[in-house]
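Note sheet for the following structure.
The values are calculated or read from the model by the stated rules, or taken from the named source; none is laboratory data. For clarity, every value in this text was computed on a predicted model and none was experimentally measured. Here Cβ is always computed from backbone atoms with ideal geometry, including for glycine, and neighbour counts include all displayed protein chains.
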Amino acid sequence: MKISALAACAAVSLLVSQAHATASFSYKVGDSKPIKEASIQTVSFDAIAGMDKDAVKKVNAALMTASTAFGREAKQCGAAAQGHPWGYKLTFEKVLLSEKYLSVVFDKSTVCAGSPDIEKEARVFSIPTGDLVPSKTLFKQVLPAAKLAAGVSTNKELIDLDEEMVEIMIDDSKTMLKNYDNRCEFYLKNSSYRIWVEGKNLVLFPEFTQPQSFCQKEYLIQPED
């Protein structure tokens with residue numbers, strides 16, 4: 001891995017090779033502060049293996065749109081605080097390149113209207129087109145025979161699993177993850193999820209609830225070959 005600092009904009013450029021493919025990509029991470037109490041990191045790509053320049057431009061345009069939306073969300077968070085202390089922080093976490101998808105994942109922590117919230121935000125793109133893949137579409141592409149619960153969450157970035165898929169997720173997570181906790185099963189059966197792809201697996205990250213915060217971690221579903 002090569003890292004070069006860009007002092008002028010406090011960004012970094014990374015060139016990464018992943019062992020599961022001949023995959024490489026380069027990107028920059030920048031910092032944005034739309035308002036004093038908010039901090040939002042932005043990501044832009046210079047090159048992505050498997051994508052031409054036009055596809056990379058699509059990815060960057062979608063990430064810029066997401067950054068703008070996060071900025072609006074931060075301002076709404078401040079308005080909801082009604083003069084009380086508040087904060088909004090979005091931090092770039094990782095890029096994952098698989099055979100068919102590029103996943104860009106962020107950590108998000110906020111305190112709005114006195115309520116803390118910890119989430120992850122993901123944007124997933126199709127290889128080689130660079131098209132943004134909505135969460136429900138991604139779920140159906142990775143797990144074509146699976147079903148979602150209908151009409152539970154109004155947030156388009158979230159999916160809701162039906163009972164059968166929750167059980168599959170729990171079974172796969174128990175098998176493949178070392179940190180699975182049996183106390184989390186009720187919480188997992190009643191949560192909505194953000195999703196992305198790592199390798200061949202669908203990764204699911206549940207919504208935050210403070211009493212079950214120890215359950216908020218990455219879970220997975222392993223597609224059948």
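Numbers for the structure displayed
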quantity	calculated
Selected residue (only one of 93, 73 is in a strand (DSSP E or B) and of a type in the set (Asp, Glu))	93
Search result, residues across segment 50-67 that are of a type in the set (Ser, Thr, Tyr) and surrounded by 13 or more Cβ atoms within 10 Å (Cβ to Cβ)	67
Pick from segment 11-59, criterion of a type in the set (Asp, Glu) and over 17 Å from residue 104 (Cβ atoms), ranking: modelled with the lowest pLDDT	37
Failed criterion for residue 43 (all others in (1) touching a residue at least 24 places away in the same chain (Cβ under 8 Å); (2) over 20 Å from the mean Cα position of the chain (by Cα) hold)	(2)
